[in-house]
Structure formats: structure tokens, C-alpha cells
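Structure, as C-alpha cells:
The values are calculated or read from the model by the stated rules, or taken from the named source; none is laboratory data. A quick note: this is a predicted structure, and the numbers were derived from the prediction, not measured. As a convention, Cβ positions derive from the backbone with ideal geometry for all residues, glycine included, and neighbour counts pool all protein chains shown. With ligands, DNA and RNA removed, areas are computed over all heavy atoms of the protein, side chains included. Shrake-Rupley method; radii C 1.70, N 1.55, O 1.52, S 1.80 Å.
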Amino acid sequence: MDFGSQSKKQIFSVSQITQYINELLQSAFSSVTIEGEISNWKPSSSGHIYFTLKDSNSQISAVMFKGSTYRLNFKPKDGDKVLCTGSISVYAPRGSYQIIVTSMELAGQGNILQIIEERKKKLALEGLFDESNKKPLPKIIKTLGVVTSPSGAAIKDIINVTKKRNKTVDIIVFPAIVQGAEAEGTIVRMIQIANFYKLCDILIVGRGGGSIEDLLPFSEESVVRAVASSEIPVISAVGHDYDYALCDFAADVRAATPSQAAEFAVSELSDFMQIINDCKNQLALSMNNKIKDIRLMINSFNPQSLETRFRLIEQPLLNRFDKAKENLKNNMIEKIRDYKTRITNCKTVLENASPKVIFSRGYSMVKDEKGNIIRDASQVKINDRLIITPFKGEILADVKETKEK
């Protein structure tokens with residue numbers, strides 16, 4: 001399409017000129033980031049979102065198609081100052097230009113989000129967010145602690161929910177600054193005080209909604225570490241359901257809102273009363289049944305039946321005793337018989353080994369005059385006097401001759 005030549009007049013249709021302008025804009029601004037304030041925010045039933053970006057002097061129409069809305073990490077609203085990235089095109093039916101937004105973030109939060117993400121990775125590697133470190137919430141509590149601003153909407157919501165669910169639960173407010181430069185230190189100090197003095201059973205740490213800058217103290221490293229090291233179970237309740245802070249990951253439980261945190265921490269008093277009543281009724285029923293059983297058992301006892309019952313118990317025991325006595329007696333008789341047999345055998349052995357028994361068979365013992373027993377003919381000489389002892393008496397003899405075999 002040539003606009004430089006004036007020699008020949010060229011006429012364009014509205015569609016042609018619009019298409020040409022659209023091509024120029026798309027080629028020149030295929031990817032552009034615009035900073036502005038949201039106005040006329042209108043989500044459609046199809047999932048697409050239509051709105052206007054404006055500053056003090058100008059405005060531009062904007063559309064964010066359904067496929068891109070899933071990337072939003074916050075809930076945009078009129079008045080938010082945002083950075084929108086996308087391409088410029090012409091909306092032909094109205095002949096107006098617009099930005100087709102593919103991503104959106106709150107103005108000035110890009111660096112903050114990057115810092116928070118890097119801090120999250122660092123603390124996760126240290127294990128501060130591990131599920132194994134999470135402590136269970138006690139079912140019954142006497143005191144609920146809340147680290148938040150004493151004048152904010154969060155504490156009012158928590159008090160209302162708590163008193164509605166269980167009026168017997170006491171609430172201790174640990175006053176903290178929840179945004180700004182001083183917030184980090186006061187939040188950490190309040191968590192430490194609650195733990196040092198063991199002032200409550202569950203600790204809620206949080207605040208109401210706000211911008212990412214407002215919620216930043218709850219993502220500071222010292223606050224996250226204080227939450228993770230708390231001996232008291234901690235519920236993190238920072239902002240609304242679409243907000244998040246790093247203490248959400250370090251806490252034992254994360255609640256979408258302060259009201260939900262109170263619901264997690266405080267059980268319904270009526271539920272406990274119902275449980276107690278059920279237990280009381282069950283105990284009474286069990287006791288009555290036990291008493292009935294005992295009465296029936298007692299009624300069955302009378303003097304005649306008592307003796308019969310005693311005999312039935314006694315008789316087996318007496319039988320066992322008599323059997324044991326008989327077994328003992330038989331064992332003793334058997335032992336005595338064994339010992340008698342052993343004694344007789346020993347006596348026989350000893351008697352057979354006696355010299356008298358041997359001498360009675362015709363053997364004799366020979367000694368010299370000095371009493372030495374003669375076992376070999378070489379021990380004596382001719383004319384030696386020998387004393388021979390047979391079975392009875394003694395014989396004196398002189399050696400006349402010796403022979404060796």
C-alpha cells in the first residue's frame with residue numbers, strides 16, 4: 001500500500017485502513033509493557049477480562065484472555081497500579097487500539113517478588129518448610145494468642161469467630177506493627193515472648209489484606225525463622241485467600257483469612273459438650289449393665305450352692321494333691337530301691353577285693369623278717385627267714401633253695 005505518491009488518488013475502505021494500522025501497531029509493539037491504573041475492571045462470563053489502563057492524561061483499552069488469567073498471582077481491582085505486558089492491536093469493530101495483556105503484576109512489585117522467591121528457595125533448602133517439622137494443632141485449648149495489630153480488622157474477626165465458637169477460650173493479643181520498617185522486629189519479638197513465657201496453646205500470626213509491600217514483613221527472613229522455631233503451634237493468616245507470605249510455608253497451618261485461622265484454632269464448644277454427653281450416657285449405660293450382671297451373680301449364691309461351688313473348686317485340687325503325693329511316694333521308693341542295689345553291688349565288689357577272700361581260695365602272703373612283701377624269688381637268699389600268712393595263722397619258714405622261671 002503506497003501512501004507516498006500523490007499522482008493518483010487512492011481510496012481505502014475503513015476495513016483496509018484499519019487493517020493497515022493494526023499491522024503497523026503489531027509490528028512496532030509486538031511486546032510492550034505499560035504502567036497504569038486499572039479502571040472499569042470487568043470480568044466476563046467467558047473468562048476474559050476487559051478493563052482500562054489510565055494515567056493522569058490518557059487511557060488505553062485492555063483485554064486479558066482467559067488463557068492468560070491463570071498466571072495472575074493477585075486479584076486485580078479498580079485503582080490498582082499495575083504493569084501490563086502484551087501487544088498493541090486495533091479492535092476493528094470500534095476502530096480503537098488496545099493492549100492484549102499476556103501478563104500482569106502490581107507496579108513496583110517485580111523486584112520484591114524476585115527477592116521473595118529467592119528467599120523462599122534458600123529457606124526451603126534449609127528445611128524450614130518441611131512437612132516433617134509441622135506440629136499438629138491441639139483439639140482443646142484454653143488460651144489463643146494472636147500476633148497482629150490491636151486496631152486492625154484481623155483481630156476483630158478473630159475475636160468474633162472465637163467467642164462465637166467457644167466463649168471459654170481466652171485471647172491474648174500480642175500487639176505488633178504489621179507493615180513498614182518497624183514491623184519485622186515487633187513481629188519477631190512478640191512470637192518470642194509468647195514462646196518464652198508459654199502464654200498460649202496456639203499462636204495466630206497475621207494481618208488483613210494489603211498490597212505486596214504491606215505484606216512484605218511476613219516474608220522477612222527473621223519472621224519466617226521465628227515462626228518455624230516456635231514451640232507453640234503457629235497458624236499463619238496473612239491477607240486474603242489469594243495473598244501469600246513466606247511465613248505461610250513455615251507455619252504449622254496456613255489459613256486463607258484471619259477468620260479461618262480462628263476456626264482452625266478453636267473448636268465448637270457445642271461439639272465438645274455433645275461428646276461429653278455421649279461419653280456420660282455410655283458410661284452410665286455400661287455401669288448399669290455391670291451392676292445388673294453382679295446382682296444376678298450374687299442372687300445365685302446361697303448356703304447350699306456355696307458349698308457345692310466350693311467342693312467343685314476343691315475336688316480337682318485335692319485330686320491333684322493326692323496324685324502328686326502318690327507320685328512323690330513312688331519316686332522315693334524307686335530311688336531307695338536304686339540306692340540299695342548300688343550299695344549291694346559295691347559291697348560285693350569290695351568283698352571280692354578283700355585279702356581274706358583271696359586267701360580263702362588257697363593263696364598266701366609272704367614277707368621277710370622286716371615285713372617286706374616278697375613278690376619275686378630274687379628278693380630272698382638261702383637261709384632267709386620268711387613269714388607266710390595263709391587264710392588262717394602264720395607259717396615261719398627258712399629258705400633252702402630259690403628258683404626263677
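Worth pointing out:
- The accessible surface of the stretch 115-195, taken with every protein chain in place and a 1.4 Å probe, is 56 percent carbon and sulfur.
- Looking at the stretch 160-269, the accessible area is 42 square angstrom per residue; that uses a 1.4 Å probe and ignores ligands, DNA and RNA.
- Estimated 222 nm signal from helices in the chain, with DSSP H stretches of n ≥ 4 weighted -39500 (n - 2.57), rounded to 500: -14000 deg cm²/dmol
- Reach of LYS164 by Cα under 19 Å, taken over aspartates and glutamates that are not fewer than 8 positions away in the same chain: ASP201, GLU263, GLU268, ASP271
- Estimated from the Cβ-Cβ distance and a Förster radius of 51 angstrom, the FRET efficiency linking GLN192 and LYS81 is about 0.90.
- Under 5 Å, built H, 5+ apart or other chain: amide partners of SER149: ALA176
- With a cut-off of 14 Å on the backbone N, the residues of the stretch 352-369 near the modelled label site 7 Å out from ILE395 along Cα-Cβ are 359-367.
- Loop-exposed chymotrypsin sites (Phe, Trp or Tyr not before Pro) per DSSP, neighbour cap 15 Cβ within 10 angstrom, longest uninterrupted part of the chain: 71-196
- Structure note, pairs LYS42/LYS122; LYS121/LYS163; LYS370/LYS403: Cα-Cα distances above 27 angstrom occur for LYS42/LYS122; LYS121/LYS163.
- Computed from backbone phi with θ = phi - 60° and the Karplus coefficients 6.51, -1.76 and 1.60, the 3J(HN,Hα) list for the stretch 314-328 is 6, 4, x, 5, 5, 4, 5, 5, 4, 5, 5, 5, 5, 5, 5 Hz; x is used for glycine and proline.
- Binned Cα-Cα distance frequencies in the stretch 13-108 - 10 Å width, integer %: 16, 49, 29, 6, 0
- Computed FRET value (nearest 0.05) for HIS48 with SER229, which takes r as the C-beta separation and R₀ as 51 Å: 0.65
- Positive-end extreme of charge dipole, the chain - chosen from ILE336, SER30, ASN383 (charges on Cβ): ASN383
- For the stretch 41-110, the set of trypsin sites (Lys or Arg not before Pro) satisfying both a DSSP loop assignment and a count of at most 12 other C-beta atoms within 10 Å is given as ARG71, LYS77, ARG94.
- Cα gyration tensor shape of the stretch 253-405, rounded if a/c is under 1.5, else prolate or oblate by comparing a/b with b/c: oblate
- Modelled label positions at ASP338 and PHE359, each set 7 Å beyond Cα in the direction of Cβ, lie 4.0 nm from each other.
- Percent antiparallel among DSSP beta bridges (both partners in the chain, rounded to 5): 65 percent
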